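What follows is one structure encoded as structure tokens, with my remarks underneath.
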């Protein structure tokens with residue numbers, strides 16, 4: 001298991017994001033889904049940066065399944081920030097919306113802060129997306145329909161209503177089953193030079209447990225996330241690579257790697 005390490009002179013009892021830290025460390029194991037430990041700690045680092053820097057807004061996920069990531073996002077939000085999930089909520093004959101709501105409620109999150117949209121993200125235009133979110137998102141996790149057209153559409157939605165300092169995280173890039181997702185991300189970056197990929201989180205398990213994640217931000221926001229990832233995951237940084245005009249960090253995890261917690265002041 002990847003270990004968590006407190007910052008020097010940190011006081012864990014007073015640490016912001018403690019509920020999210022505990023959930024991503026152990027609590028998420030009880031929720032069905034495909035989020036690996038390393039990916040969860042990389043996402044936690046983004047949330048730490050946003051809390052430290054006062055980056056506000058709803059957090060949105062396109063493709064929620066049973067809420068494995070969505071619950072962690074909810075635990076990291078402030079009381080006036082919503083969490084929005086977009087999904088068909090059906091796989092085969094299984095309808096999992098009730099399971100997601102039960103999982104959300106089980107960690108003490110108010111149901112009033114969870115906004116679920118049942119339907120395909122492909123049916124949402126930019127105006128409907130903005131109305132659904134009500135405020136620009138600070139993080140959008142894209143894990144919807146795994147086609148090139150859908151991934152391109154979801155990236156465009158995410159970029160259209162993203163808060164200053166916001167991040168887009170795309171799941172299943174570099175996945176052998178879904179190469180069109182990688183093509184869609186490359187096309188998005190080449191068509192939108194104000195955005196840059198700043199990290200590729202390598203896959204830790206077999207293909208059934210999901211592919212890599214790519215993290216994207218506006219060019220001016222890349223340094224804050226790049227610096228934090230290098231501080232928090234120093235033994236997991238493999239190299240930089242070139243991708244569609246960007247030079248993201250490549251992050252790969254081993255069982256004995258350490259995730260440092262980012263020093264945060266109480267707000």
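What follows is calculated from the coordinates using simple rules that are stated; it is not laboratory data. As the structure is a prediction and not an experimental result, all values here were calculated from the model.
The value given for the range 108-157 is a Kirkwood hydrodynamic radius of 12.2 Å, derived from the mean inverse Cα-Cα separation. Cα-based values for the range 113-259, radius of gyration first and Dmax second, are 15.3, 46 Å. Report relative contact order for the range 21-260 in percent, whole number only (criteria: Cα-Cα under 8 Å, sequence separation at least 6). Taking the mean separation of contacting Cα pairs over the length of the range 21-260, I get 18 percent.
Applying Stokes-Einstein at 37 °C and 0.692 mPa s to the Kirkwood radius of the chain, computed over alpha-carbon pairs, gives a translational diffusion coefficient of 179 µm² s⁻¹.
Per residue of the chain, the DSSP helices (runs of n ≥ 4 H) give a summed -39500 (n - 2.57) that works out to -10000 deg cm²/dmol at 222 nm. Largest GNM mean-square fluctuation among 231, 41, 253, using the chain with Cα springs under 10 Å: 231.
Compute the separation of the alpha-carbon centres of the range 67-130 and the range 146-177 and state it in Å as a whole number. Centre-to-centre (Cα) distance: 17 Å.
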